[in-house]
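The structure appears below as structure tokens.
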Amino acid sequence: MSEEGGRTTQLPSGAARQATGWHRMTPEEVGRLLDVDLSDGLPGGVHERRLQEYGPNTLDEGSRDPLWRRLLHQYESVMQWLLIAAAVMSLVIGQLSTGALLLVLTLVNAYLGLSQEAKAERGAAALSQMMKSTARVRRDGQLREVATESLVPGDIVLIEAGDRVPADGRLIRAATLEIEESALTGESQPAAKDTEVVAGDAPLGDRSDMAYMHTLVTRGSGTLVVTTTGMGTEVGRIADLLESVKVAKSPLQRQMDELAARLGYLAITAIAAIIIAGLARGVALEDLFLLAVAIAVAALPTGLPTVVTTLLSLGTQELAKENAILKDISSVET
């Protein structure tokens with residue numbers, strides 16, 4: 001809702017703004033729909049009201065899982081469950097120290113994974129604070145430099161080579177303007193931009209009169225009127241879709257699960273073979289069971305998960321020296 005000169009104008013909602021078809025409108029039509037003077041920009045009071053209505057021009061970071069869920073995530077590998085099974089069997093046969101040690105190993109693995117994730121999250125948060133970007137905006141007829149998160153629909157933004165487009169917008173001026181949009185369109189070459197109306201339901205890559213959030217200006221300069229901000233933008237829509245994607249296990253994690261499964265099958269086979277052979281020779285079942293479990297536990301590489309987790313953690317430290325921050329410790333192999 002915008003109020004100027006005694007009149008009240010209902011602006012399109014976030015979803016409606018995304019589907020409005022701004023590329024089919026002239027700059028003047030966009031200005032009228034967004035209730036903004038394309039020469040002077042938004043008055044200060046109107047900007048403040050719109051900022052309260054639409055919220056900051058940022059992408060949602062997604063909800064963070066509680067500690068108990070992140071801890072359970074560390075036990076999704078088959079090897080961890082194999083160690084737990086080995087610990088339980090050790091306790092059953094009376095090897096209390098071995099069982100306790102195996103349980104401690106699973107906790108060490110979980111702790112290393114949790115601590116690395118927490119360290120990466122702190123690093124990413126600190127990095128995002130350092131990379132707060134600004135935009136040149138015309139408001140109340142004056143050119144100002146403001147934080148991009150304060151942009152609202154109707155703001156008039158100036159862009160030039162080297163800038164990141166701060167929000168989705170309809171171009172109202174373009175001087176040999178080219179924008180690299182590969183993140184949205186997959187095109188490797190920068191797209192030439194102008195202010196001419198694009199008719200019909202043109203795909204995003206053909207909308208030469210539009211500029212989109214987080215794309216890079218590679219040449220020239222231009223001016224745009226912001227049409228959509230935050231999660232309503234094209235990149236925001238992609239971010240929203242990514243939230244629903246289930247993350248697959250890495251190749252190393254799959255290989256570890258396969259190895260653990262094979263070792264588990266071998267342990268079960270060994271236990272069955274020892275019991276069958278012993279019964280055939282008249283050995284007591286209780287003694288055979290204890291012997292078979294002890295051999296199966298001894299055959300398991302109990303230190304392997306800890307070694308792998310430690311090496312991955314060391315890998316994150318090496319990558320940090322090269323200014324690379326990883327949120328997931330398993331990404332080291334990539």
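The values are calculated or read from the model by the stated rules, or taken from the named source; none is laboratory data. Nothing here was measured: the structure is a model prediction, and the numbers come from that model. Here Cβ is always computed from backbone atoms with ideal geometry, including for glycine, and neighbour counts include all displayed protein chains. Only protein heavy atoms, including side chains, enter the accessible area calculation; ligands, DNA and RNA are left aside. Shrake-Rupley method; radii C 1.70, N 1.55, O 1.52, S 1.80 Å.
Using Cα springs under 10 Å in a Gaussian network model of the chain, which residue among 235, 137, 283 shows the largest mean-square fluctuation?
Between 235, 137, 283, it is 283 that shows the largest mean-square fluctuation.
Would you calculate the convex hull of the Cα atoms in the chain and tell me its volume per residue in Å³?
Convex hull volume per residue, Cα atoms: 169 Å³.
Where does the chain land at 222 nm, in deg cm²/dmol rounded to the nearest 500, when only DSSP H runs of n ≥ 4 count, each adding -39500 (n - 2.57), divided by all residues?
-15500 deg cm²/dmol
Which order do the peptides 223-230, 196-203, 146-153, 34-41 take when ranked by the mean count of other beta-carbon atoms within 10 Å per residue, highest first?
223-230, 146-153, 34-41, 196-203
Calculate, in whole percent, how much of the Cα-Cα pair population of segment 221-294 lies beyond 21 Å.
Every Cα pair in segment 221-294 considered, those over 21 Å come to 64 percent.
Of all accessible surface on the chain at a 1.4 Å probe, what whole percent is carbon and sulfur?
Carbon and sulfur together cover 58 percent of it.
Which residue fluctuates the most in the chain, going by a Gaussian network model with Cα springs under 10 Å, if the choices are 24, 164, 262?
262
Convex hull over the alpha-carbon atoms of segment 184-334: what's its volume per residue in Å³?
189 Å³
For segment 128-224, with equal point scatterers placed on the C-alpha atoms only and solvent neglected, what are the log10 I(q)/I(0) values from the Debye formula at q = 0.13, 0.15, 0.17, 0.18 1/Å, to two decimals?
-0.43, -0.57, -0.72, -0.80
What is the spin-label model distance, in nm, from residue 273 to residue 295 if the labels are put 7 Å beyond Cα along the C-beta direction?
0.8 nm
With the other protein chains left in place, how much accessible area per residue, in square angstrom, belongs to the chain at a 1.4 angstrom probe?
For the chain, the solvent-accessible area averages 55 Å² per residue.
Using only Cα atoms, locate the centre of segment 191-208 and the centre of segment 265-334, then give the distance between them in Å, rounded to an integer.
Using only Cα atoms, the two centres lie 58 Å from each other.
With +1 assigned to the C-beta of every Lys and Arg and -1 to the C-beta of every Asp and Glu, and no other charges, what is the dipole magnitude of segment 179-266 about the Cα centre in debye, to the nearest 20?
Rounded to the nearest 20 debye, it is 520 debye.
State the number of lysine pairs found in the chain whose Cα atoms come within less than 17 Å, restricting to pairs 8 or more positions apart or on distinct chains.
4
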